[in-house]
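Trainee: Mind having a look at this structure? Questions to follow.
The values are calculated or read from the model by the stated rules, or taken from the named source; none is laboratory data. Remember, it's a predicted structure, so these values are computed and weren't measured experimentally. With ideal geometry, Cβ positions are generated from the backbone for all residues, glycine too; neighbour counts draw on all protein chains shown.
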Amino acid sequence: MAKVVQQRLLLSDIQLGMRVKLPLSWTNHPFLFNRVDITTPEQIEMIRGLGVPYVYLISDASDEVEVVADDDEDVDDNTALTSAAHQPDLQLVTRKAMRLSQKRFLESVNECRNAFAKVVSDPEGAYRLSSALVEELLSHLQEVQSPFLTLVGNDEKGVSVTQHGISVAVLALMIGHALDLPQRELRDIAFGSLFHDIGKLKVPDVIRRKRLPLTSHEANYLQMHPNFGYDMLNRSGLFPKEVLDIVLHHHEFIDGSGYPDGLTGHKIPLTTQIVSLANDYEKQLNGLETSSPQVALGYLFKHRASKHSEALIAILVKILGIYPPGTIVKLSDDCVAKVIMTTKEVTQPQVWACKDDGSHAALRFLADEGVTVLQTLRADELGEAATKILQVDKGISFYFSAIQA
């Protein structure tokens with residue numbers, strides 16, 4: 001097996017297709033790992049904004065350069081500009097937890113995708129896979145007494161059906177946990193959330209992925225996806241009726257304006273109402289006009305208050321906090337930042353911050369610094385460099401924080 005070798009590379013020489021290692025502690029850069037596969041120009045710009053003079057080029061060949069031990073992503077080599085060992089313990093623990101939450105999210109998305117692929121051809125296999133995923137979600141929810149949310153996602157701008165399902169499951173389970181629902185109902189919520197949009201896979205891509213307004217015919221076809229999903233799962237005879245109800249009625253509203261059956265109030269089970277709310281928020285969050293988490297929350301208050309239980313909306317607001325993960329903010333020290341994790345200190349969240357010019361990028365704990373949030377910002381209020389460093393255009397999803405923040 002070829003040895004991995006590393007060679008110093010000037011920032012001006014970084015090119016697409018390279019694999020590089022950052023000479024930084026993993027608390028001081030926005031990437032999931034120190035090793036980065038360069039696939040976009042934005043990644044190059046982000047690295048150039050980190051304030052380092054060079055990176056390491058990683059290759060599998062040549063005995064012409066020094067071989068550097070690099071068996072553990074959590075350990076930087078001796079030439080690193082900063083050492084993780086000298087960082088505050090909270091920084092280390094939190095960054096590690098963020099990485100674990102991201103890893104769990106991506107694994108959950110893959111497991112959900114595998115379950116989707118078997119629903120028609122191997123329904124029993126799909127049920128086994130999704131059952132295992134549900135138990136994982138519940139264990140992650142309940143591993144701390146008071147769970148919080150962490151911003152997660154991938155490098156894509158959009159959010160897939162399976163990503164959306166995991167994020168909805170996380171939000172809905174957080175609401176169910178806050179209501180102290182029994183384990184059986186939490187399982188129903190998790191199952192229903194994972195599969196609530198599986199019927200969209202029977203909707204043509206030209207409709208499902210259309211960015212322009214849908215025609216009335218296209219909109220009617222798209223609104224059939226709850227029925228499609230219900231039929232797919234009901235045919236197997238494996239899923240509880242409570243889960244099937246969530247899949248069929250996750251677009252129902254308590255005022256009767258939803259679809260497919262126009263149900264009202266008490267006719268919609270609580271578990272279905274919870275998933276309906278989480279789905280509605282996620283839909284607004286990843287829509288064309290309200291991509292800010294805080295704006296999406298405000299939209300619920302202003303335009304959807306009559307469609308959901310006030311008590312459930314209040315719980316969702318408490319879970320998301322004043323500045324939900326993904327919110328772009330201006331700090332009292334004139335830096336700009338993206339909220340990464342909800343904490344007990346709701347007005348001083350943990351953020352990834354930088355200067356307006358993209359410099360001095362770092363994970364920061366506002367409560368420890370005495371720094372506060374001055375205001376929220378729209379994406380178009382940021383400069384180009386800060387937009388790239390904060391990765392404002394990435395899709396937003398949520399997962400349980402792996403520690404009690």
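Trainee: Looking at residue 346 and the list (1) in contact with a Phe, Trp or Tyr (Cβ under 8 Å, 6 or more places away or on another chain); (2) crowded, with 23+ Cβ neighbours inside 10 Å; (3) not acidic (Asp, Glu), which single condition is not satisfied?
Mentor: Only one criterion in (1) in contact with a Phe, Trp or Tyr (Cβ under 8 Å, 6 or more places away or on another chain); (2) crowded, with 23+ Cβ neighbours inside 10 Å; (3) not acidic (Asp, Glu) is unmet by residue 346, namely (2).
Trainee: Same structure, new question: Being farther than 30 Å from residue 125 by Cβ, part of a loop (DSSP other than H, G, I, E, B), under 28 Å from the mean Cα position of the chain (by Cα) and touching a residue at least 12 places away in the same chain (Cβ under 8 Å) is the requirement here; does residue 253 meet it? Give the derivation first.
Mentor: Details: farther than 30 Å from residue 125 by Cβ: yes; part of a loop (DSSP other than H, G, I, E, B): yes; under 28 Å from the mean Cα position of the chain (by Cα): yes; touching a residue at least 12 places away in the same chain (Cβ under 8 Å): yes.
It is true that residue 253 is farther than 30 Å from residue 125 by Cβ, part of a loop (DSSP other than H, G, I, E, B), under 28 Å from the mean Cα position of the chain (by Cα) and touching a residue at least 12 places away in the same chain (Cβ under 8 Å).
Trainee: Go through segment 128-180 and give me each residue that's out of contact with any helix residue (DSSP H, G or I) (no Cβ under 9 Å at 6 or more places or on another chain) and either more than 22 Å from residue 97 (Cβ to Cβ) or aromatic (Phe, Trp, Tyr) (or both).
Mentor: 157, 158, 180
Trainee: If we only count helices (runs of 4 or more DSSP H) wholly inside segment 147-216, which ones have 3 or more residues that are buried (at least 23 other Cβ atoms within 10 Å of the Cβ)?
Mentor: Details: elements: 161-178, 183-195, 205-208.
Because the criterion is at least 3 residues that are buried (at least 23 other Cβ atoms within 10 Å of the Cβ), the helices (runs of 4 or more DSSP H) in segment 147-216 that meet it are 161-178, 183-195.
Trainee: Listed residues 317, 351, 339, 329; which is on the phi < 0 side of the Ramachandran plot, without any contact (Cβ under 8 Å) to a residue 24 or more places away in the chain and crowded, with 21+ Cβ neighbours inside 10 Å?
Mentor: One residue alone meets the criteria, 351.
Trainee: Shifting gears a bit: Tell me, which strands (runs of 3 or more DSSP E) wholly within segment 1-104 include 1 or more residues that are among the acidic types (Asp, Glu) and modelled with pLDDT of 80 or more?
Mentor: Values: elements: 5-10, 19-21, 35-37, 54-59.
Per the criteria, 35-37.
Trainee: List the number of the failed condition for residue 114; all other conditions in (1) crowded, with 16+ Cβ neighbours inside 10 Å; (2) over 27 Å from residue 311 (Cα atoms); (3) of a type outside the set (D, E, K, R) hold.
Mentor: With (1) crowded, with 16+ Cβ neighbours inside 10 Å; (2) over 27 Å from residue 311 (Cα atoms); (3) of a type outside the set (D, E, K, R) applied to residue 114, the lone miss is (1).
Trainee: Return yes or no: is residue 268 touching a residue at least 24 places away in the same chain (Cβ under 8 Å) and closer than 18 Å to residue 168 by Cβ?
Mentor: In short, no.
Trainee: Please indicate, with yes or no, whether at least one residue in segment 128-142 is under 25 Å from the mean Cα position of the chain (by Cα), β-branched (Val, Ile, Thr) and closer than 29 Å to residue 93 by Cα. Don't jump to the end; show me each part of the working.
Mentor: Residues of segment 128-142 that are under 25 Å from the mean Cα position of the chain (by Cα), as a first pass: 128-142.
Those still in the list that are β-branched (Val, Ile, Thr) too: 134.
Right, trim to closer than 29 Å to residue 93 by Cα and you get 134.
Yes: one or more hits.
Trainee: Specify the residue that is nearest to residue 223 (Cα to Cα); the eligible residues are those in segment 257-275 that are within 26 Å of the chain's Cα centre (by Cα) and of a type in the set (Ser, Thr, Tyr).
Mentor: Out of the qualifying residues, it is 272.
Residue-by-condition table, conditions (1) within 26 Å of residue 53 (Cβ to Cβ); (2) in contact with a Pro (Cβ under 7 Å, 6 or more places away or on another chain):
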site	(1), (2)
345	no, no
357	yes, no
366	no, yes
377	no, no
386	yes, no
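Trainee: Among 405, 337, which is modelled with pLDDT of 95 or more, within 27 Å of residue 106 (Cβ to Cβ) and not assigned by TED's automatic domain parsing to the domain that holds residue 194?
Mentor: Of 405, 337, the one residue that is modelled with pLDDT of 95 or more, within 27 Å of residue 106 (Cβ to Cβ) and not assigned by TED's automatic domain parsing to the domain that holds residue 194 is 337.
Trainee: Within the group 302, 307, 394, 388, which residue is charged (D, E, K, R), in contact with a helix residue (DSSP H, G or I) (Cβ under 6 Å, 6 or more places away or on another chain) and either closer than 26 Å to residue 172 by Cα or modelled with pLDDT under 90 (or both)?
Mentor: Selected residue: 388, the only one of 302, 307, 394, 388 that is charged (D, E, K, R), in contact with a helix residue (DSSP H, G or I) (Cβ under 6 Å, 6 or more places away or on another chain) and either closer than 26 Å to residue 172 by Cα or modelled with pLDDT under 90 (or both).
Trainee: Being among the hydroxyl-bearing types (Ser, Thr, Tyr) and either without any contact (Cβ under 8 Å) to a residue 40 or more places away in the chain or outside the structural domain of residue 280 (by TED's automatic domain parsing) (or both) narrows it down to one residue among 130, 121, 160, 167; which is it? Give the steps one after another, and end with the answer.
Mentor: Details: 130 fails: either without any contact (Cβ under 8 Å) to a residue 40 or more places away in the chain or outside the structural domain of residue 280 (by TED's automatic domain parsing) (or both); 160 fails: either without any contact (Cβ under 8 Å) to a residue 40 or more places away in the chain or outside the structural domain of residue 280 (by TED's automatic domain parsing) (or both); 167 fails: either without any contact (Cβ under 8 Å) to a residue 40 or more places away in the chain or outside the structural domain of residue 280 (by TED's automatic domain parsing) (or both).
The match here is 121.
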